[in-house]
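Sharing a structure below in structure tokens format, with a few things to ask.
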Amino acid sequence: MTSNVEKPIANVDVLCVGHASYDLVFSVSHHPAEDEKIFADAFLACGGGPAANAAVTAARLGFTASFAGYLGHDLYGEKHYQELVGQGIDTHLVVRGLSPTPLSTILVKPGGKRALINYKGETQALPAEALDFSSIRPKAVLFDGHEPLLSVSLAQRTRREGIPSVLDAGSVHEGTLALMELVDYLVCSEKFACQLAGDEEKALIQLAKISPAVVLELEYLHEIGRLAVGGNAITQGLSAQLGLSVCDRPFAAVVEAALDQDWTRDPFDRLIVGQAALSGSTLLTKDQTIRSHYRNAAW
């Protein structure tokens, strides 16, 4: 017999998906040398992990938050789970298991620099089918990339449903690479930028793309006398000066995204916005009409 009882839906301000660990934090005067024994000035033991920390931060700011990730049925997992519950975090998407809870030992020095040792043992990323996200309706979603199998399909859902999404990218790895073009906002560390492209400036340039529709529109404006040079000349100049490149998304996919832009009959605007919407990218434009209809437009 099947039940017709509908599953309750959790409505939250933010859903945080990714890593939870238990942190042992030691405040030390200096980094220990080889074979040196030092004494800590202070000690703190608490739950950690980028996504778990984000959920707690949101809750402390007065928002409703849910955390989706893994905690083991061990001492540290139970301590962290109870901390999340105590902070008012919705935990119905926390997966518990026999693999160990990730554990971090962190040495914090007076200037704020730190050294970190993380232990995961045999704990692996959760499989894609481990969680059913139909039981939650978030207003925003934050990913940290540490649960890539869970996150990709959810990121695709957030785009379809117009739910703002953020990737907290601390370093370049499988998860952050898989998600960086699926989210609305990429918030990355200096380490991520340097791993991605060598330095922060090159990373910003690498992430910036020009829609082919922009090149065509520039060429059209040149042909009717409104621009002194054509589209290729302008984009080649931008490429030489700033390192910008033309986005190479499949044209059929761009057109599909452009079909949703029914607020305008301008084919160039529809293609340009569709191109940006396809990857959830920020669109730099002075056009007020576009800015009023595409939430990721900026000037």
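Here, each number is a calculation from the coordinates, and none is a lab measurement. Computed from a predicted model, the values in this text were never measured in an experiment. Cβ coordinates were reconstructed from backbone atoms using ideal geometry, including for glycine residues, and neighbour counts include every protein chain displayed.
Using a Förster radius of 41 Å, what is the FRET efficiency between L98 and D41 based on their Cβ-Cβ separation? Nearest 0.05, please.
Calculated value: 0.65.
With +1 on each Lys and Arg Cβ and -1 on each Asp and Glu Cβ, how big is the dipole of the chain about its Cα centre, in debye rounded to the nearest 20?
Roughly 460 debye, rounded to the nearest 20.
How big is the C-alpha Rg of the chain next to the rule-of-thumb value 2.2 N^0.38 Å, as a ratio? Don't skip to the answer; put the middle values down first.
Working: Rg = 23.2 Å, N = 299, 2.2 N^0.38 = 19.2 Å.
The chain yields a ratio of 1.21.
Give me the one-decimal nm value for the distance between modelled label points at L216 and T289, 7 Å along each residue's Cα-to-Cβ direction.
The two pseudo-label positions are separated by 1.7 nm.
Between K120 and R137, what is the label-point separation in nm under the 7 Å Cα-to-beta-carbon projection?
3.4 nm
Right, another one. Be a star and scan region 57-74 for residues whose amide nitrogen sits under 11 Å from the point 7 Å along the Cα-to-Cβ vector of N11.
none
Let me ask another. For a quick check: sort E161, E78 by the number of other beta carbons within 10 angstrom, fewest at the front.
Listed from fewest to most nearby Cβ atoms, that is E161, E78.
Kindly give the semi-axes, whole Å and largest first, of the ellipsoid equivalent to region 1-155, taking each as the square root of 5 times a Cα gyration tensor eigenvalue.
Semi-axes from the Cα gyration tensor: 33, 17, 13 Å.
Gaussian network model of the chain, Cα springs within a sub-10 Å range: biggest mean-square fluctuation belongs to which of D144, D184, D269?
Per the Cα network of the chain with a 10 Å cutoff, D269 tops the list.
Jot down the per residue volume, in cubic angstrom and as a whole number, of the convex hull over the alpha-carbon atoms of region 208-298.
Cα-based convex hull of region 208-298, divided per residue, equals 99 Å³.
Can you give the Rg to Rh ratio of region 65-109, both from alpha-carbon atoms, with Rh computed by the Kirkwood formula?
In region 65-109, Rg relative to Rh is 1.03.
Of the residues I163, I117, I89, which exhibits the maximal mean-square fluctuation in a Gaussian network model of the chain defined by a 10 Å Cα contact cut-off?
Looking only at I163, I117, I89, the biggest GNM fluctuation is shown by I117.
Follow-up. With point charges of +1 on the Cβ of Lys and Arg and -1 on the Cβ of Asp and Glu, referenced to the Cα centre of the chain, which listed residue (A55, V172, S151) lies farthest in the positive direction of the dipole?
Most positive-ward Cα: A55.
How many nm is it between the label spots at I106 and H30, if each spot is 7 Å from the Cα in line with the beta carbon?
Going from the I106 label point to the H30 one covers 2.4 nm.
Would you mind telling me which residue in K37, K109, K286 has the biggest mean-square fluctuation in a Gaussian network model of the chain, where springs connect alpha carbons within a distance under 10 angstrom?
Per the Cα network of the chain with a 10 Å cutoff, K37 tops the list.
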